[in-house]
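Engineer: Before anything else, here's the structure in question.
What follows is calculated from the coordinates using simple rules that are stated; it is not laboratory data. Because the structure is predicted, anything quoted here is derived from the model rather than measured. Heads up, the Cβs are rebuilt from the backbone with ideal geometry, glycines too, and the neighbour counts pull from every protein chain shown.
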Amino acid sequence: MSSQPSPQLSGPSAVLRLWPWKAAAGTALVVAVAWFALAASGGDVRAIIVASPVCLGLVVFFLLGGIIAVASEPAGERRDARAWALRHPWAFALWPALATAVLVFVVRRLLDLWNLNETLLSSALDGLGRAAAVLVCVALTALAARRGQKG
């Protein structure tokens, strides 16, 4: 195994190699179900009661997954992916942020069919706002992990 990162490694492949699928999905599911149970406890289940926990679950999946991916010390071939992510923190963080924006937008548009009463712009802004939070948090975690490696 070479100590130099693989030159053909790119953002999407680094994300896919590093992603902690089980931890991120499990935590996101627990958060989404708990939020839904809390929101639905009033008895009136409407589109917003479903949209809110689903979108929160997506944010938790991408936020926690990105943070674990750059903060943990991987073994084997995943070291190259982490080295790439730490050298390119904003490029790495862009992928989970992009996925957050697109999926939150899609969920909100699909639930609009169930009378969410939301405009196209508000769905887009909600997705972009959540994506910005994921981008900044994951990139700052990668920068901190890179700094921790140096000193």
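Engineer: Go ahead and collect, in residue order, the members of the range 87-114 whose backbone nitrogen is under 14 Å from a label point 7 Å along the Cα-Cβ direction of Leu38.
Structural biologist: Zone members listed by number: none at all.
Engineer: Let me ask something additional. Based on DSSP H assignment, which helices of the chain show an axial Cα extent of at least 18 Å together with a mean Kyte-Doolittle hydropathy greater than or equal to 0.0?
Structural biologist: 21-40, 47-71, 89-112, 120-150
Engineer: Give me the tail of P(r) for the range 11-150 as a percent: Cα-Cα pairs with distance above 19 Å. If you can, show how the numbers build up before the last one.
Structural biologist: On the way: 5119 of 9730 pairs.
Beyond 19 Å sits 53 percent of the P(r) for the range 11-150.
Engineer: In nanometres, what is the gap between the two model label sites at Asn115 and Arg146, each 7 Å from Cα along Cα-to-Cβ?
Structural biologist: Output for this residue pair reads 5.0 nm.
Engineer: Place a +1 charge on the Cβ of each Lys and Arg in the range 11-150 and a -1 charge on the Cβ of each Asp and Glu, then give the dipole magnitude about the Cα centre in debye, rounded to the nearest 20.
Structural biologist: Values: 13 positive and 7 negative charges, 120 e Å.
Computed charge dipole of the range 11-150: roughly 580 debye.
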